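**Student:** Have a look at the structure that comes next, please.
The values are calculated or read from the model by the stated rules, or taken from the named source; none is laboratory data. Keep in mind it's a predicted model, so treat the numbers as computed, not measured. Ideal geometry is used to build each Cβ from the backbone, glycine not excepted, and the neighbour counts take in all protein chains shown.
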Amino acid sequence: MPNARLKELRKKSKMTQRQLAEAAGINRRSYQNIEYGKLSSSHMALVNLAKIFGVSIDYLLGSSDESTEQ
């Protein structure tokens with residue numbers, strides 16, 4: 001299943017997949033596979049992506065509709 005939230009957040013931030021991958025410390029192909037749901041992300045990549053967007057990991061994973069921890 002594609003990670004629609006991740007793609008939505010990336011587009012809202014006006015970032016390319018390459019820019020976001022570099023910011024998260026992963027290569028572009030790995031990021032692309034995470035966004036398309038072909039690869040699960042590492043714990044560190046999730047932490048970095050959540051920090052970049054200012055959202056919780058649960059929100060990124062679709063486990064919560066709240067974008068920040070309560």
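**Student:** Do we find that L9 is among the aliphatic types (A, V, I, L, M), at pLDDT 90 or above, part of a helix (DSSP H, G or I) and surrounded by 14 or more Cβ atoms within 10 Å (Cβ to Cβ) in this structure?
**Tutor:** yes
**Student:** Would you be able to tell me the number of residues in region 15-70 that are of a type in the set (D, E, K, R) and surrounded by 14 or more Cβ atoms within 10 Å (Cβ to Cβ)?
**Tutor:** Within region 15-70, residues that are of a type in the set (D, E, K, R) and surrounded by 14 or more Cβ atoms within 10 Å (Cβ to Cβ) number 4.
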